[in-house]
Amino acid sequence: MQELIKAVKKRMSELSNLGEENIKNHVVVNVFLKELGYNPENWDYEEAIYEGRADIVYKIKNEPLFIVETKGQKKGSQTTNIDLTEKDMKQLSEYLNSHKPVIDWGLLTNGIRYILLNNSIEGEIPDRIVFDISFDDSHNRDRAYLKYYSYENLFVNKTTQYFADIAQFKSFAKKDGTLDMKNWSVYKSTLFRFFDYYAKQNGYKIISKAPHEILSRIHPEDFIEFVNEKSKNRGFGKRVTSKETVKSNFSYLSSFFKTLSAHSYVNNQNFTQGRDFSLSEVVDTPKKKSDNYVDENTFKEALSYYYSSKTNYRDIAVFLLCAYYGLERSVVHNLKWDSIDLNKRIFRVNEQKCEIIDLLELCFVEIKKQNKGNKNKSKYVFTSRTGSKNEKANASTLNDVFNRLKNIRNNEGFWSFFSPQYVRNCLVYRMFEAGFSLEQIIYFTGIDIKKISNYISSDKIIEEGKKRYRSGMKSNVVHPFKKVVDEFYAYITTK
């Protein structure tokens, strides 16, 4: 996008006349918008709308999608540049509202400053600003998000909607009095960086046509992966490393979801369990046994529920890989068929070989059959259908597998705790209780040795260490969920 900025500024410097028409034709249409994927042949000029004429209306098959209002920087003998005003924004908003059908997205620009509005946002007109980027301001961090002005991100993948959702959160929170505007820049930075990361992780695609439904699929584990990624790479902005920074950033994201949920903008959201619980993998909050602890009964109940679903074998496979093998969601998400050897009954995760239990083998075999029937030749085990293509299932799809467990017991919060992260935590604790050594657990699940105390408290390790020192290590330890999985496999293959 730096090249686009340079091209726009260069073209502006070449114009002797900075009037509206020159900027519209020579800069906005033929440089800025063309570079962002808009076809000049799809523009309608000077269309009569409201009490005036819209400069440009972008249409696909005669369907209006986008209005662009341009302003000149100088008029007549003026020597000082004219900036965009709230009056100009109001004019654009009226054009968007008055068009039949109503258009959500509009752009206001003077060639150097580009204000993207979403007119469906509830609030005052300034609240509808999604991005306000000036090419003259090299310190404007929003320039990193210029890609979200593109035709693809606005109207094909629709990932720009994430940032409209952020603007809506700001408007609601300001109205509710729950947001101190002095802190908005910090909120905004966190939310922008998270959703930019989330959009990238999901291939810049929104996988649902339902308004805002995609937000209900975002899980604290997405935030944890965001934190881990930002800790590895500097990227732009501050590195997310300290525990206090992680906690603060999580609170900003949690506030975003809770506010939108309170206004019925989101029907369901996954940030209800509290910060320390959700951040147990990145913040030192050791897991302890509780009423929500995964035991043999809940394990069996989950398997039975999944078996009754249309995507039963896929769902059971995802659940087993997380709850029985303790794999991270990102590992499951990226699992490929070439890492699975059904003849030798093993699959590989990095350098580790994992034995394939009977139930998981059945799931893999059935998934392969379904893929063959659907002509799905993807190299990934877990896929989703996008148009006519089968693509790697994104993290949201895996979250959905666990989110559906909430349907087992309606109006109860018990199953709302279940997620790839939570069942992994519980597995580690149960394996340690069953007599597995720490080194066995670390090898089996791939947990970083530095994070083991996030799963098992130091007190518990010391207490168990004393017992084992006195009585010796247990021999022939058995996976804590082996019996229930074997019994379930026998049940569904012999009935």
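Values quoted throughout were computed directly from the atomic coordinates according to the rules given, and no laboratory measurement underlies them. Bear in mind the structure is a predicted one, so any value in this text is a computation, not a measurement. With ideal geometry, Cβ positions are generated from the backbone for all residues, glycine too; neighbour counts draw on all protein chains shown.
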Inset, instruction - Give the angle, between 0 and 90 degrees and rounded to the nearest 10, that separates the Cα long axis of helix 312-323 from the longest principal axis of the Cα atoms of the chain. - result: 80 degrees
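Per the Kirkwood definition applied to all pairs of different Cα atoms, how many angstroms is the hydrodynamic radius of region 291-341?
Numbers: mean 1/r = 0.0833 Å⁻¹.
It is 12.0 Å.
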Inset, instruction - Could you work out how far apart the two model spin labels at ASN140 and GLU213 are, taking each label as a point 7 Å from the Cα in the direction of the beta carbon, and quote it in nm? - result: 3.6 nm
Legend entry - region 136-156 residues near the modelled LYS389 label - backbone nitrogen below 18 Å, point 7 Å along Cα→Cβ: 151-156
Inset, instruction - Express in nm, to one decimal, how much length is gained between GLU433 and PHE414 on full extension, taking 0.36 nm for each residue of separation and deducting their alpha carbon distance. - result: 4.6 nm
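Once you have the Cα-Cα distance between SER120 and THR245, take 0.36 nm times their residue separation minus that, and quote the gain in nm to one decimal. Intermediate results must be reported in sequence, preceding the final value.
Numbers: separation 125, 0.36 × 125 = 45.00 nm, distance 3.27 nm.
Between SER120 and THR245, full extension yields 41.7 nm more.
Given only helices, namely DSSP H runs of n ≥ 4 each adding -39500 (n - 2.57), what is the per-residue ellipticity at 222 nm of the chain, to the nearest 500 deg cm²/dmol?
Values: 16 runs with 201 residues, N = 495.
Roughly -13000 deg cm²/dmol at 222 nm, from the helical runs in the chain.
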Inset, instruction - Using the number of other C-beta atoms within 10 angstrom as an exposure proxy, rank LYS24, LYS10, LYS406 with the fewest first. - result: LYS10, LYS406, LYS24
Inset, instruction - Using only Cα atoms, find the angle between the long axis of helix 243-262 and the longest principal axis of the chain, and express it within 0 to 90 degrees, rounded to the nearest 10. - result: 70 degrees
Inset, instruction - Give the span of region 296-494's Cα atoms along each principal axis, as three whole-Å numbers ordered largest to smallest. - result: 61, 43, 37
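Give me the tail of P(r) for the chain as a percent: Cα-Cα pairs with distance above 42 Å.
Values: 36479 of 122265 pairs.
Tail fraction, whole percent: 30.
Please identify the longest segment of the chain free of exposed chymotrypsin sites (Phe, Trp or Tyr not before Pro), where exposed means a DSSP state other than H, G, I, E or B and no more than 15 other Cβ atoms within 10 Å.
On the way: sites that count: TYR50, PHE236, TYR293.
So the longest stretch without any such site is 294-495.
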Legend entry - Where trypsin sites (Lys or Arg not before Pro) fall in DSSP loop in region 297-357, at most 13 other Cβ within 10 Å: LYS310, LYS344
Legend entry - Pair ASN267, GLU14: separation of 7 Å Cα→Cβ label points (nm): 5.2 nm
Legend entry - Inter-probe distance in nm under a simple model that places probes 7 Å from Cα toward Cβ, at GLU463 and SER304: 3.1 nm
Inset, instruction - Grab the beta carbon distance between ASN25 and VAL478, set R0 = 60 Å, and tell me the FRET efficiency rounded to 0.05. - result: 0.20
